[in-house]
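Here's the structure, in structure tokens; my notes come after.
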């Protein structure tokens with residue numbers, strides 16, 4: 001669909017915490033260094049797995065600043081706005097852009113379903129104000145989804161609106177978005193490792209991946225196979241990614257991913273903030289056995 005830079009594999013950052021549950025900034029540097037060394041296209045900050053909603057506004061800004069500093073111009077950073085209202089979103093937009101984020105992403109307002117005009121106004125004000133390109137993150141966990149026609153309307157109205165991250169895991173919805181957006185400089189990115197192949201198959205440009213945090217070559221290998229026209233190999237990789245994903249999700253929520261990042265010595269701890277739960281010793285050992293049986297560790 002596009003040759004825009006918003007292509008390929010972007011890695012979603014989970015937030016490392018110290019033993020006192022403060023943000024562990026040295027671990028962010030290690031993580032970003034590892035991603036850059038494996039050819040990842042960019043870093044995505046403040047997705048669901050970042051535990052953003054457990055952070056203060058100051059911490060959210062500090063995390064973006066740390067990611068930009070760690071990237072050091074080698075790879076771009078996209079910072080997501082996950083807010084309940086416009087005022088907070090605009091404050092964070094200014095702060096994230098001031099930190100040097102290359103792209104701003106915006107989720108729909110949390111919890112309370114909004115009408116289409118209200119949603120259009122929300123995203124439109126963010127796009128108008130942003131000094132960098134903007135993406136939209138359709139996040140069902142907000143309690144509702146953004147309709148495809150609204151994505152198309154924004155794309156027709158604002159040249160600075162350049163991307164869409166889809167986490168609906170709904171192929172009908174995804175195809176409808178592709179039909180609404182007719183620009184060749186607009187990128188649709190999978191928001192789930194489970195839908196990477198399907199997204200590419202309907203014209204998508206890449207993915208914001210969580211598995212690439214741990215196994216970057218697994219996800220970039222799928223993309224590379226697709227790019228060279230070996231769709232059979234790409235699909236086989238997608239089926240294998242599903243097995244790895246199932247193993248990682250056997251622990252509570254993001255706990256499996258943090259267990260593995262710590263296992264790789266990129267994070268000092270695998271702690272999450274309450275009320276989330278870290279993996280128990282038994283869960284962590286079971287996860288390692290599953291991944292060993294798959295041959296990825």
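When only alpha carbons are used to place a centre, segment 149-214 and segment 97-125 end up 16 Å from one another.
Taking other C-beta atoms within 10 angstrom as a stand-in for reagent exposure, 10, 226 fall in the order 226, 10, fewest first. With the highest mean first, a sort of the peptides 217-224, 231-238 on other beta-carbon atoms found within 10 angstrom per residue produces 217-224, 231-238. A simple packing score, the average count of other Cβ atoms within 10 Å per residue, orders the peptides 34-45, 165-176, 17-28 as 34-45, 165-176, 17-28, with the highest score first.
A simple spin-label model places the labels of residue 72 and residue 243 3.8 nm from each other, with each point 7 Å out along Cα-to-Cβ. Quote the relative contact order of segment 168-258 in percent (integer), defining contacts as alpha-carbon pairs under 8 Å separated by 6+ residues. Relative CO of segment 168-258 lands at 21 percent.
Beta-bridge orientation, segment 1-112: approximately 10 percent antiparallel, per DSSP, counting only bridges with both partners inside.
If you run the Gaussian network model on the chain, springs between alpha carbon atoms under 10 Å, then out of 253, 213, 13 the most flexible one is 253. Here the contact order of the chain, divided by its residue count and restricted to Cα pairs under 8 Å and six or more residues apart, works out to 19 percent. By DSSP, the beta bridges lying fully in the chain are antiparallel in about 5 percent of cases. Between 93, 150, 189, the residue with the greatest mean-square fluctuation in the GNM of the chain (Cα pairs under 10 Å linked by springs) is 150. Based on C-alpha pairs under 8 angstrom that are at least 6 apart in sequence, segment 73-159 has a relative contact order of 30 percent. Sorted fewest first by neighbouring Cβ atoms within 10 angstrom, 14, 296, 208, 146 come out as 296, 14, 146, 208.
Values in this text are rule-based calculations from the coordinates and carry no lab data. The model shown is predicted, which means the values in this text are computed figures rather than measured ones. Glycine also receives a Cβ, built like all others from the backbone with ideal geometry; neighbour counts cover every protein chain displayed.
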